[in-house]
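Single-structure report; data block below.
The values are calculated or read from the model by the stated rules, or taken from the named source; none is laboratory data. Since this is a predicted model, take the numbers as computed values, not measurements. All Cβ positions, glycine included, derive from the backbone under ideal geometry; neighbour counts span all protein chains shown.
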């Protein structure tokens, strides 16, 4: 317990600590501990996720709400076996296991409350998807209908794919393909978004 407490206190970036990603409803409800097998690897990959992707989001849109972050392989395997919305642990797109040997990856499922309010009023999820595409070095995004939540993934060699369970469902962008919409058309979609990293913080 003390070791896990210490891991949770590790600061991954300006805005995030490891503890932000360790909470798991599956673990809490089913009594499966969510403890990294390789804490150093989980921290190293989580740090890249936070510094490269999550900090810029927080500094642009305000609070980022983490829905599901790190999962140990044991927890993820349990969730997959019991049909709890976890991909197979050996699936290369399973992004929540940050310390899987030989697989440099870190992902999280998140909600941006600023955008969720606008999505609830009818805003197109693709507006946010294209904003992320044009501003951040993400690897994969996958959007979900509730709250426009999405999986956001870091890899050292990004795939640059966008998919969605929101209409229009399926692949918006496949790895290696250029977007069908031009940069100008995409920029028009998010022209009213806040300035990139425009939030001021005390020194």
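If we scan the stretch 93-105, do we find a residue that is surrounded by 17 or more Cβ atoms within 10 Å (Cβ to Cβ) and under 19 Å from residue 15 (Cβ atoms)?
Yes; the residues of the stretch 93-105 include at least one that is surrounded by 17 or more Cβ atoms within 10 Å (Cβ to Cβ) and under 19 Å from residue 15 (Cβ atoms).
Can you pull out every residue in the stretch 157-191 that is over 18 Å from residue 146 (Cα atoms) and touching a helix residue (DSSP H, G or I) at 6+ places or on another chain (Cβ under 9 Å)?
Within the stretch 157-191, 160, 172, 173, 179, 181, 183, 185, 186, 187, 189, 190 qualify.
Would you check which residues across the stretch 1-34 are over 26 Å from residue 51 (Cα atoms) and touching a helix residue (DSSP H, G or I) at 6+ places or on another chain (Cβ under 6 Å) and list them?
Those that are over 26 Å from residue 51 (Cα atoms) and touching a helix residue (DSSP H, G or I) at 6+ places or on another chain (Cβ under 6 Å): 26, 27, 32.
Which ones in the stretch 88-113 are more than 16 Å from the chain's Cα centre (by Cα) and closer than 24 Å to residue 129 by Cβ?
Scanning the stretch 88-113 gives a single hit, 91.
Quick one: is residue 203 more than 24 Å from residue 118 (Cα to Cα) and free of Cβ contacts under 8 Å to residues at least 12 places away in the same chain?
Judged against the criteria, residue 203 is a match.
Any idea which of 155, 186, 126 is more than 20 Å from the chain's Cα centre (by Cα), surrounded by 12 or more Cβ atoms within 10 Å (Cβ to Cβ) and at pLDDT 95 or above?
On the way: 155 fails: more than 20 Å from the chain's Cα centre (by Cα); 126 fails: more than 20 Å from the chain's Cα centre (by Cα).
Unique residue meeting the criteria: 186.
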